[in-house]
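J.: My questions will all concern the structure given below.
All of the numbers you see were taken from the coordinates with simple rules; none came from a lab. Fair warning: this is a prediction, and the values are worked out from it, not measured in the lab. Neighbour counts are summed over all protein chains in view; Cβ atoms, including those assigned to glycine, are modelled from backbone coordinates with ideal geometry.
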């Protein structure tokens, strides 16, 4: 019974994650339905900026704090290990929903492009989204979003986290997932003030998150990650893959 519940919990959370991911992409593409995000701000633009920045900060705090090893150890007595990652994903889904539903639009246009420039920016947006998805699979998509853990528990097997392995994409840049998001945030034919606030605030969060994430990766993988960090660029891809000794 417990195994079935854990598996169902993980699958439902994963489906909710897919929905929140598509909603976020639609929001950034400017095609989100009216029920998902407000069309007009209910407050003055300075207060709207403050609210939007606070919403991004809420996402950043949840996303980073819950990912830290010390937090995972602290909640082990409350959340069973097989659903710890799924619970993290579920909380992310909730925060993304709050952010989208509470977002304050500021429709003043910062830039607007048409023709070839607009096509190029739309193409870059699609590329960024695809890069995000590809990066998750190269990291281990199903482990990243909690499915691997619940499936292993349902089968009565021990879940083993993925080891450090270098692939062609990560041999060029350490954080392709973040690169994909940065492209997605900024690649838009029509940039409004609130979209720019979203992009800039999330870019700032990414730069902060990398510091904490790499600290954890060094603690987890030791010298192999230190050699990798020294050899491979952080966000600007190298033209050629770098060679890093993995043992």
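J.: Given the options 184, 113, 192, state which has the largest fluctuation in a GNM of the chain using a 10 Å cut-off (strictly under) for Cα springs.
T.: Its mean-square fluctuation being the largest, the pick is 113.
J.: Just the ratio, please: alpha-carbon radius of gyration of region 82-207 over 2.2 N^0.38 Å, N its number of residues.
T.: Normalised Rg, Cα atoms only: 1.29.
J.: Could I ask something else about it? For 110, 95, what ranking results if the residue with the fewest other Cβ atoms within 10 Å of its Cβ goes first?
T.: By the 10 Å Cβ count, ascending, the order reads 110, 95.
J.: Cα axis of helix 176-186 to longest principal axis of the chain: angle in degrees, 0 to 90, nearest 10?
T.: That helix lies at roughly 10 degrees to the long axis.
J.: Which residues in region 146-185 place their backbone N less than 18 Å from a point set 7 Å from the Cα of residue 126 along the Cα-to-Cβ direction?
T.: 180-181, 183-185
J.: Using 1/(1 + (r/R0)^6) with R0 = 35 angstrom and r between the beta carbons of residue 74 and residue 117, what's the FRET efficiency to the nearest 0.05?
T.: Efficiency for this residue pair is about 0.10.
J.: Please state the shape class of region 1-97: rounded when a/c is under 1.5, otherwise prolate if a/b exceeds b/c and oblate if not, all from the C-alpha gyration tensor.
T.: oblate
J.: Just check region 150-247 against the gyration tensor rule for me: Cα atoms, a ≥ b ≥ c as the square roots of the eigenvalues, rounded for a/c under 1.5, and otherwise prolate or oblate depending on whether a/b exceeds b/c.
T.: In terms of gyration-tensor shape, oblate.
J.: In addition: Using the C-alpha gyration tensor of region 2-231, what are the square roots of 5 times its eigenvalues, in whole angstrom, with the largest one first?
T.: The equivalent ellipsoid of region 2-231 has semi-axes of 32, 22, 17 Å.
J.: Ok, one more. Can you pull the one-decimal nm distance between simple spin-label points at residue 219 and residue 159, each 7 Å off the Cα toward Cβ?
T.: Going by the 7 Å Cα→Cβ label model, 2.0 nm.
J.: Starting from the Cα coordinates of region 51-132, work out the convex hull volume and express it per residue in Å³.
T.: Each residue corresponds to 129 Å³ of Cα convex hull volume.
J.: Work out, step by step, the length gained on full extension between residue 134 and residue 15: first 0.36 nm times the residue separation, then minus their alpha carbon distance; give nm to one decimal.
T.: 41.0 nm
J.: OK, next. If you average the C-alpha positions of region 34-100 and of region 184-204 separately, how far apart do those two centres end up, in angstrom?
T.: Here the answer is 18 Å between Cα centres.
J.: In a GNM of the chain with a 10 Å cut-off on Cα contacts, which of 145, 17, 127 has the highest mean-square fluctuation?
T.: Taking springs between Cα atoms under 10 Å, the residue moving most is 127.
J.: I've got another one for you. Sketch the reach of a paramagnetic label on residue 91 as a point 7 Å from Cα along Cα-to-Cβ, and name the residues of region 134-155 whose backbone nitrogen lies under 13 Å away.
T.: From region 134-155, the list is empty.
J.: Full-extension gain between residue 207 and residue 98, please, as 0.36 nm times their residue separation minus the C-alpha to C-alpha distance.
T.: Taking 0.36 nm per residue and subtracting the Cα distance, the gain is 36.9 nm.
J.: Express in nm, to one decimal, how much length is gained between residue 29 and residue 1 on full extension, taking 0.36 nm for each residue of separation and deducting their alpha carbon distance.
T.: In short, 5.9 nm is gained.
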